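The values are calculated or read from the model by the stated rules, or taken from the named source; none is laboratory data. For clarity, every value in this text was computed on a predicted model and none was experimentally measured. FYI the Cβ positions are ideal-geometry reconstructions off the backbone, even for glycines, and counts take in every protein chain you see.
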């Protein structure tokens with residue numbers, strides 16, 4: 001009997017010792033809602049330049065020629081443990097950076113600064129005088145009471161909300177923008193959705209997929225550089241929500257697609273719930289572990305004003 005008890009004791013001891021590595025300080029944490037960087041990616045979780053998979057974030061990179069549309073397509077599928085890992089950064093860094101009109105850093109440069117696992121170009125908030133809605137990391141820097149553009153709002157749970165530009169018939173849409181009223185907005189519409197706080201808000205667009213359905217192109221919601229070149233093939237990029245805390249970045253290479261064909265390509269993926277376009281052309285940049293991975297033959301990378309990025313929240317021993 002005593003021998004049997006000893007065997008059980010030693011078996012339990014072995015189990016405890018085997019579990020000790022799991023009882024250390026390693027943890028997945030929530031990052032602060034501010035402009036501090038994410039936690040540094042751990043090299044051992046990177047499988048070359050195709051995947052990154054630590055306990056807080058999974059990233060899978062794919063690229064190749066799309067036969068239907070005849071262009072190179074880049075996708076980054078991203079799943080995160082909590083919404084604080086979806087973050088934003090300006091080229092000048094810190095809170096004051098979103099008060100500037102500067103375009104002084106590339107996406108890879110900003111990505112390295114904030115330890116981004118994946119980063120993409122943002123809404124070029126500094127580019128135009130009329131770009132008056134800027135909400136980043138829970139701070140409302142500029143509040144527009146009207147807009148000609150679709151807005152993307154990302155709430156505290158990481159879910160996407162879209163405010164579409166007011167629809168107009170074809171005759172009105174062809175008039176100068178100043179000749180008819182724009183969408184009225186309130187402070188509450190910009191800072192809260194479904195009872196949840198908005199952490200990041202963007203004014204660019206257009207929204208191309210909403211609630212799993214293709215959105216018909218609204219000429220008023222297509223902004224520069226999409227406005228004048230929406231029917232011409234060009235580099236395009238969008239950020240999609242696939243499900244809770246699941247996202248996809250989609251981009252096409254130079255001389256890629258019109259806005260309309262790009263929307264159809266993304267819709268054809270079948271699992272996208274919401275897709276919102278960001279600044280295209282040479283601003284189209286995806287950085288993975290600090291390296292630009294789309295149009296990698298480009299010698300000179302354009303400087304932009306801001307990025308959207310996904311960070312690790314894994315704190316190892």
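Among (1) farther than 11 Å from residue 109 by Cα; (2) not in a loop (DSSP other than H, G, I, E, B), which single condition is residue 272 missing? Every listed condition holds for residue 272 apart from (2). When residue 49 is tested against (1) exposed (fewer than 12 other Cβ atoms within 10 Å of the Cβ); (2) farther than 26 Å from residue 97 by Cβ; (3) at pLDDT 95 or above, only condition (3) is not met. Screening region 276-292 for residues that are over 19 Å from residue 57 (Cα atoms) and surrounded by fewer than 19 Cβ atoms within 10 Å (Cβ to Cβ) and picking the one that is nearest to the chain's Cα centre (by Cα) gives 292. For region 46-69, the set of residues classified as closer than 19 Å to residue 293 by Cα, free of Cβ contacts under 8 Å to residues at least 40 places away in the same chain and out of contact with any helix residue (DSSP H, G or I) (no Cβ under 8 Å at 6 or more places or on another chain) consists of 47, 48, 50, 51, 58, 60, 62, 64, 65, listed by residue number. Within region 244-263, can one find any residue that is in a helix (DSSP H, G or I), modelled with pLDDT of 95 or more and surrounded by 24 or more Cβ atoms within 10 Å (Cβ to Cβ)? The answer is yes, given that some residue of region 244-263 is in a helix (DSSP H, G or I), modelled with pLDDT of 95 or more and surrounded by 24 or more Cβ atoms within 10 Å (Cβ to Cβ). Applying the condition of being more than 24 Å from residue 273 (Cα to Cα), assigned to a loop (DSSP other than H, G, I, E, B) and touching a strand residue (DSSP E or B) at 6+ places or on another chain (Cβ under 9 Å) to region 139-184 and asking which residue is modelled with the lowest pLDDT yields 181.
Scanning region 92-125 for residues that are surrounded by fewer than 23 Cβ atoms within 10 Å (Cβ to Cβ) and assigned to a loop (DSSP other than H, G, I, E, B) turns up 92, 93, 94, 100, 101, 102, 103, 104, 106, 114, 115, 124. Yes or no: region 79-89 includes at least one residue that is over 17 Å from the mean Cα position of the chain (by Cα) and either in a loop (DSSP other than H, G, I, E, B) or in contact (Cβ under 8 Å) with a residue 12 or more places away in the chain (or both). No; the residues of region 79-89 include none that is over 17 Å from the mean Cα position of the chain (by Cα) and either in a loop (DSSP other than H, G, I, E, B) or in contact (Cβ under 8 Å) with a residue 12 or more places away in the chain (or both). Kindly indicate whether residue 267 is within 27 Å of residue 54 (Cα to Cα), more than 17 Å from the chain's Cα centre (by Cα), at pLDDT 95 or above and surrounded by fewer than 24 Cβ atoms within 10 Å (Cβ to Cβ). No; evaluated as a whole, the condition is false for this residue. Restricting attention to region 206-230, the residues that are part of a loop (DSSP other than H, G, I, E, B), surrounded by 17 or more Cβ atoms within 10 Å (Cβ to Cβ) and at pLDDT 90 or above add up to 2.
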